[in-house]
Amino acid sequence: MISQLFVLSQRGDNIVFRDYRGEVQKGSAEVFFRKVKFWKDDEDGDAPPAFNVDGVNYFHVKVSGLLFVATTRVNVSPSLVLELLQRIARVIKDYLGVLNEDSLRKNFVLVYELLDEVIDFGYVQTTSTEVLKSYVFNEPIVVDAARMANLGPAAIFMQGTKRMPGTAITKSVVANEPGGRTREEIFVDIIEKISVTFSASGYILTSEIDGTIQMKSYLTGNPEIRLALNDDLNIGRGGRSIHECFHDMSHPIISELHNVIWLLCATGYSSSYGSGTVILDDCNFHESVQLDSFDIDRTLTLVPSDGEFSVMNYRMTQEFNPPFRINALLEEAGAFKAELILKVRADFPSSITANSILVQMPVPTYTTRVSFELEPGAAGNTTTDFKESSKRIEWGLKKIVGGSEHTLRAKLTFTQEPHGNITKEAGPVSMTFTIPMHNVSRLQVKYLQIAKKSNSYNPYRWVRYVTQANSYVARL
């Protein structure tokens, strides 16, 4: 049961505010933002997604730079409310096309109408874009997608040799193109977030992939779709049948707010599958996915609903080749000084380019100055900075071509001599990046077949692969 729901900008401005029950004070948005901005608990850091202040429970998620917040005085499941906030953000994005502060302000009437249909007196009614079409009649005011930040090559969709900019998916699901035309097309994203921990000697300690296949459909009439994956795809130990791992999630509340069919399979794999086999630890599918032929030919059949949704989520802990190798060497170089060498090597094909790379490393707390030495020709592609307040080095690279290696040298100046082993007072090295048109799990979409309405019906099919860092860490 939700008392209030509001959306705040990064500055704390109240963009949308709806009070459903009148149980929480009106100044709750200001109380929330002050608490989040100056959050200090056991240590400095970001506020948790759920916390309590003066008997009021606050839940929040950050989507596209906006804070979606819900409040209540009753004891509710945090995961339930956080999932609801994510779904509300997705519904609003489906209707507006672009989710940002500008689009919310221009379409506040439509947004309030959506919120009133999604939640009634604090109780959730529906979060389905398709169902809401029958009750919401305001037309969105389209915001120009060209004003959005450029995501670089990661924002490119592919269909054979054809290319489509990522801003193509920023269209509203209820608004036609100029002239009343509709463009028949469907977009599929295979997004993988990888977590890797390296030891000081460069060995992999832990590795995991969290992946999702997302779909956004602009097809009229909701035709049936067949999505084919790798033939050598196995799930769990022994390649068990999907239906053997089925768990019923038919409770009405769960089916409303968690519209997925969880198919959790036994964790583990056998080395007998061979190096070319894709082995997932577990996976789950959207409720619209039919699995009748999945065990036979690894094909998913579904009728896509309006808006954006996750067709399949999966997790993989089988050993894989990490896209980057990180090496760090920190040594004392006289009294009150030390030298640091950071190396990053790209272990993927030269035809692929990673972008938005950021390497960070905490340094000893008594560090006062850091001077950097760049490799030849790196001036236009590299940025360096020493964050004195947080005692952290940041090394940014615009892009890295596969197979290349980059090195950063730094000289550190201290106010005192190190206490014993200096490497214990620095690190670990962390890294974030985006690699378009590449996925480390080797999970592939073989084909995307759409049921034909007529012989001339041939909608566009766009597929994009993106690999991102979730937790990429190297110890010193």
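Plainly put, the stretch 324-436 has a radius of gyration that is 1.00 times its Kirkwood radius, both from alpha-carbon atoms, as the Rg/Rh ratio.
Loop-only chymotrypsin sites (Phe, Trp or Tyr not before Pro) in the stretch 79-132, please: DSSP not H, G, I, E or B, and at most 13 other Cβ atoms within 10 Å.
Values: sites: 95, 108, 112, 121, 123; in loops: 121.
Answer in residue order: 121.
Placing a label point 7 Å from the Cα of residue 385 along the Cα-to-Cβ direction, no residue of the stretch 299-342 has a backbone N closer than 11 Å.
With all protein chains present, how much of the accessible area of the stretch 1-117 (probe radius 1.4 Å) comes from carbon and sulfur, to the nearest whole percent?
On the way: 2500 of 5390 Å².
Solvent-exposed carbon and sulfur of the stretch 1-117 make up 46 percent of the total.
Within the full protein context, the accessible area of residue 456 is estimated at about 100 Å² for a probe radius of 1.4 Å. Scanning residues 5 or more positions from residue 234 or on other chains, those with amide H under 5 Å from its amide H are 278, 279, 280, with H placed 1.01 Å from N in the peptide plane. For the stretch 336-443, applying the loop criterion from DSSP together with a ceiling of 16 other beta carbons within 10 Å to the GluC sites (Glu not before Pro) yields 388. When 201, 404 are compared by accessible area at a 1.4 angstrom probe, the order from most to least is 201, 404.
FRET efficiency for the residue 53 to residue 125 pair, using the beta carbon distance and R₀ = 35 Å, is estimated at 0.80.
3J(HN,Hα) along the stretch 380-388: x, 10, 10, 10, 10, 7, 10, 7, 5 Hz, from the Karplus curve 6.51 cos²θ - 1.76 cosθ + 1.60 with θ = phi - 60°, whole Hz, x for Gly and Pro. FRET efficiency for the pair residue 405 and residue 80, taken as 1/(1 + (r/R0)^6) with r the Cβ-Cβ distance and R0 = 41 Å, rounds to 0.30. Each residue of the stretch 90-99 is assigned a 3J(HN,Hα), and the resulting list reads 5, 4, 4, 5, 4, 7, 8, x, 10, 9 Hz, derived from the Karplus form 6.51 cos²θ - 1.76 cosθ + 1.60 (θ = phi - 60°), x at Gly and Pro.
At a Förster distance of 45 Å, what's the computed FRET efficiency of residue 139 paired with residue 378, Cβ-Cβ distance as r, to 0.05?
0.35
For residue 414, the residues 5 or more places off, or on other chains, whose built amide H falls under 5 Å of its own are 337, 368.
The values are calculated or read from the model by the stated rules, or taken from the named source; none is laboratory data. It should be emphasised that the depicted structure is a prediction, and the values quoted were computed from it without experimental measurement. Ideal geometry is used to build each Cβ from the backbone, glycine not excepted, and the neighbour counts take in all protein chains shown. Side chains are part of the model used for accessible areas, which takes the heavy atoms of the whole protein and leaves out ligands, DNA and RNA. Shrake-Rupley method; radii C 1.70, N 1.55, O 1.52, S 1.80 Å.
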